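The structure appears right after this line, and notes come after that.
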Amino acid sequence: MGHLILIRHGVTSWNVSGRFQGHSDVPLSDEGRVQARALAGRLRDLGPFDAVYSSPLRRAHETATLALPEGAPEVRLEPRLKELHFGSFEGFTLAENQRHAAWDGWFDDPFGRATPQGESYQQLRDRAVDWLGSLDRSATTLAFAHSGTIQMLLSHVIGVERPSWRKRFFLRHTSLTHVVFEGEDAIVERVNDARHIEQPSVGLYGTRPTESLSQ
């Protein structure tokens, strides 16, 4: 039996303001650092870990640095765990992006269509699943990533071939998602476990559900 524990990064100032981050290298906010340190106690109880991975983006890697217990394996930076590349939409709010000439065409099919100068969720899923396939399924693996990346991995694990953002998982910052591997089976044991956070300032990926695409 193997285990995969996926962690969403801590909150950033762009999360709070609802700005699309994607590949933009935004650091954690002070609150995000508090969240990451609170996560450390949970991870001490869940270890030991055989391997630890992180997206190379600062908000994920900093979460890993602050949350990992003493004696954990060295973090391996993994580009395939990056968030969706939002291209021209990055740095802008939902309201601002809705005025972009390319917005309606992309938002009509974000899974199949790439953002301007960016990528589609299909491309994100392909690279994330490629990383998943490289893992030792008998090991206990910990990975620090992003909402979109975790969403795509979960959709693959449960067999949803073309996920829709109108039907999605709720993932708080620094929440834990746990997948158990038993032979060829992959079982989602828990999603969005954020008991270590008392009152997150950002709810469902921002102040409104439709802002979930921005993280």
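Here are a few things to note about the model shown:
- Of all residues in the stretch 60-85, those satisfying the criterion of being touching a residue at least 60 places away in the same chain (Cβ under 8 Å) and part of a helix (DSSP H, G or I) are ALA60, HIS61, THR63, ALA64, ALA67, LEU81.
- Boolean, LEU124 is under 24 Å from ILE158 (Cα atoms) and in a loop (DSSP other than H, G, I, E, B): no
- In the stretch 159-188, the residue that is nearest to PHE107 (Cα to Cα) out of those that are open to solvent by 60 Å² or more (accessible area, probe 1.4 Å) and in contact (Cβ under 8 Å) with a residue 60 or more places away in the chain is ARG172.
- Hits in the stretch 78-87 (condition: more than 11 Å from the chain's Cα centre (by Cα) and open to solvent by 30 Å² or more (accessible area, probe 1.4 Å)): PRO79, ARG80, HIS85
- The residues of the stretch 12-48 that are under 17 Å from GLY148 (Cα atoms) and in contact with a Pro (Cβ under 9 Å, 6 or more places away or on another chain), listed by number, are THR12, ASP25.
- Considering residues of the stretch 139-171 that are modelled with pLDDT of 95 or more and part of a loop (DSSP other than H, G, I, E, B) only, the residue farthest from ILE197 (Cα to Cα): ALA139
- Among the residues of the stretch 39-51, those identified as in contact with a helix residue (DSSP H, G or I) (Cβ under 7 Å, 6 or more places away or on another chain) and in contact (Cβ under 8 Å) with a residue 40 or more places away in the chain are LEU39, LEU43.
Condition check ((1) basic (Lys, Arg); (2) farther than 17 Å from GLY22 by Cβ) across all residues:
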site	(1), (2)
PHE49	no, yes
ALA64	no, yes
PRO69	no, yes
ALA72	no, yes
ARG76	yes, yes
GLU83	no, no
SER88	no, no
GLY105	no, yes
ASP109	no, yes
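- GLY47 being among the small types (Gly, Ala, Ser) and either in contact with a Lys or Arg (Cβ under 6 Å, 6 or more places away or on another chain) or modelled with pLDDT under 95 (or both): yes
- In the stretch 18-32, the residues that are open to solvent by 60 Å² or more (accessible area, probe 1.4 Å) and over 15 Å from the mean Cα position of the chain (by Cα): ARG19, ASP30, GLU31
- Residue count for the stretch 1-32, restricted to those that are charged (D, E, K, R), farther than 16 Å from ARG172 by Cβ and not in a strand (DSSP E or B): 2
- Residues that are open to solvent by 50 Å² or more (accessible area, probe 1.4 Å), among the hydrophobic types (A, V, I, L, M, F, W, C) and part of a loop (DSSP other than H, G, I, E, B), drawn from the stretch 88-113: PHE92, ALA101
The values are calculated or read from the model by the stated rules, or taken from the named source; none is laboratory data. Fair warning: this is a prediction, and the values are worked out from it, not measured in the lab. Every residue, glycine among them, receives a Cβ derived from its backbone with ideal geometry; neighbour counts consider all protein chains shown. With ligands, DNA and RNA removed, areas are computed over all heavy atoms of the protein, side chains included. Shrake-Rupley method; radii C 1.70, N 1.55, O 1.52, S 1.80 Å.
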